1. Within the range 453-476, which residues are within 19 Å of residue 210 (Cα to Cα) and not in a helix (DSSP H, G or I)?
2. Among the residues of the range 301-321, are any surrounded by fewer than 15 Cβ atoms within 10 Å (Cβ to Cβ) and modelled with pLDDT under 95?
3. Out of all the residues in the range 391-403, is one or more aliphatic (A, V, I, L, M), surrounded by 13 or more Cβ atoms within 10 Å (Cβ to Cβ) and modelled with pLDDT of 95 or more?
4. Does residue 346 satisfy the criteria of being basic (Lys, Arg), out of contact with any Asp or Glu (no Cβ under 7 Å at 6 or more places or on another chain) and closer than 26 Å to residue 75 by Cα?
5. Could you identify the single residue in 319, 337, 331, 387 that is small (Gly, Ala, Ser) and within 16 Å of the ligand (Cβ to nearest atom)?
6. Working only within the range 267-310, note down all residues that are farther than 19 Å from residue 329 by Cβ, touching a Ser or Thr at 6+ places or on another chain (Cβ under 8 Å) and assigned to a strand (DSSP E or B).
7. Which numbered condition in (1) under 15 Å from residue 77 (Cα atoms); (2) at pLDDT 95 or above; (3) out of contact with any strand residue (DSSP E or B) (no Cβ under 6 Å at 6 or more places or on another chain) is the only one that residue 115 fails?
8. Applying the selection to the range 284-298, what residues are within 26 Å of residue 151 (Cα to Cα) and loosely packed, with under 15 Cβ neighbours inside 10 Å?
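The values are calculated or read from the model by the stated rules, or taken from the named source; none is laboratory data. Fair warning: this is a prediction, and the values are worked out from it, not measured in the lab. Using ideal geometry, Cβ is built from the backbone for each residue, glycine included, and neighbour counts are taken over all protein chains shown.
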Amino acid sequence: MTAIKEPSFRESVDLMFNRAASLMDLPPGLEEKIRVCNATYTVRFGVRLRGEIHTFTGYRSVHSEHMEPVKGGIRYAMAVNQDEVEALAALMTYKCALVETPFGGSKGGLRIDPRQYEEHELEQITRRFAYELAKRDLINPSQNVPAPDMGTGEREMAWMADQYARMNTTDINARASVTGKPLNAGGISGRVEATGRGIQYALREFFRHPEDVQKAGLSGKLDGKRIVVQGLGNVGYHAAKFLSEEDGSRIVGIIEWDGALYNPDGIDVESVRQWIVKHGGVSNYPDATHSAEGAEVLEAECDILIPAALEGVINLTNAERIKAPLIIEAANGPVTAGADEILRKKGTVIIPDMYANAGGVTVSYFEWVKNLSHIRFGRMQRRQEEARHELIVSELERLDRYLGDAWSMSPNFKAKYLRGADELELVRSGLDDTMRIAYQSMREVWHSRDDVEDLRTAAYIVAIDRVAKSYRAKGL
Ligand code: NAD
């Protein structure tokens, strides 16, 4: 018997796209125009380190320019290759359309293991990579705006934005060339947590619809739900932390590169994170069982599985054994097209990547707008809002005195009501709104069409339809 071949990541994305497109009525040719990747730039550059020249390979792929700038993260990992960046760029196009951020899709990557380099070496490498991209408008506030992804964070984004600014000294919008920057370099409050926060908001919205919860064979709310998370990096850590600390969910499994932790009574996310920071991995963490074969814990008994590390981890080899009735794809492409088919047949509900992890690009959009408007959100209206609230509170105080013992204001009402929203609150509110609306647009297609079996196909249909409309508006 010949083994069934697993498609590559890009082929997987295309297969999922084709499945949705076959249910749509697109004009001939437009389907292909939307699906294909417009261009991928490959650069090889040398950096002198430790007395010799090291050559690095990097990519920036532009999938669709139906809206500009195009947007997408830059990943630092040894597995980076053209197929991967093209798949990720395509997902960015659909993601931006689904959550209505006005961007086309792009993605970049550098083949490097960042753990092998000192900070000053990484800065040299990053600046050189940014120089190569900026020279070709592949970093540019109106053309192409990178953000963090696996292996990169605020620090790398600050170097890249600064590199662009040095090369474009008269560009007043230079800060808008990159998002995910630290606050003191033009970043926005809430960007670091955004993708994980988006996972929390996505799950909250899912659990607001009992019909959907029932489709996954679950009931009730997030409280008490057993969760397994793979990858305790930026996305996985924030998602697991918020869900356990704010929604009462129980993190029973944490899978990292050096094995997995399991404890049916729950694992303290913050203490595991501190352990990883100190020891580099989860091995020897005291308050859970450690297993060296981390990926096996993907198959553990739980209510919700959150793959938040790599692509392709749920594939033809293990899909049949996945027990979680609900999977939320925090990582990009964690479920291959073949596994998706198996899981769909089993009745597993999958909240797809293009929706689930869109919190990052949503808050990146807010950061880009903030940079272009050169003013912090809330700066103009916060005190004015407080002054108006003060008027109501003083009237209520008057009533309180008049009514005596018959009525009084609730203890914290005054302090809570008086406080005008700061940037972080506004960002969270904008993100929550975005995640709710995007979920509703997917579920409407999911529930209203008999030929749409799953949320992923629904998400693709919504996204492709929006991209098609943009192309049509351009006369294509
Ligand atoms: P990260 O580098 O901060 O974290 C990745 C984590 O996965 C690390 O803790 C790493 O040790 C762990 N890991 C590596 N190999 C593993 C393995 N074999 N098994 C288990 N764990 C492993 O990256 P991130 O930014 O959190 O991104 C994770 C995923 O989320 C990626 O697919 C990325 O594309 C996606 N994503 C990230 C963002 C963002 O804003 N950072 C936005 C959207 C999507």
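1. Within the range 453-476, 453, 454 meet the criteria.
2. Within the range 301-321, not a single residue is surrounded by fewer than 15 Cβ atoms within 10 Å (Cβ to Cβ) and modelled with pLDDT under 95.
3. No: the range 391-403 contains no residue that is aliphatic (A, V, I, L, M), surrounded by 13 or more Cβ atoms within 10 Å (Cβ to Cβ) and modelled with pLDDT of 95 or more.
4. Spelling it out, it is not the case that residue 346 is basic (Lys, Arg), out of contact with any Asp or Glu (no Cβ under 7 Å at 6 or more places or on another chain) and closer than 26 Å to residue 75 by Cα.
5. Selected residue: 331, the only one of 319, 337, 331, 387 that is small (Gly, Ala, Ser) and within 16 Å of the ligand (Cβ to nearest atom).
6. 290
7. Answer for residue 115: the failing condition is (2).
8. Of everything in the range 284-298, those that are within 26 Å of residue 151 (Cα to Cα) and loosely packed, with under 15 Cβ neighbours inside 10 Å turn out to be 284, 292, 293.
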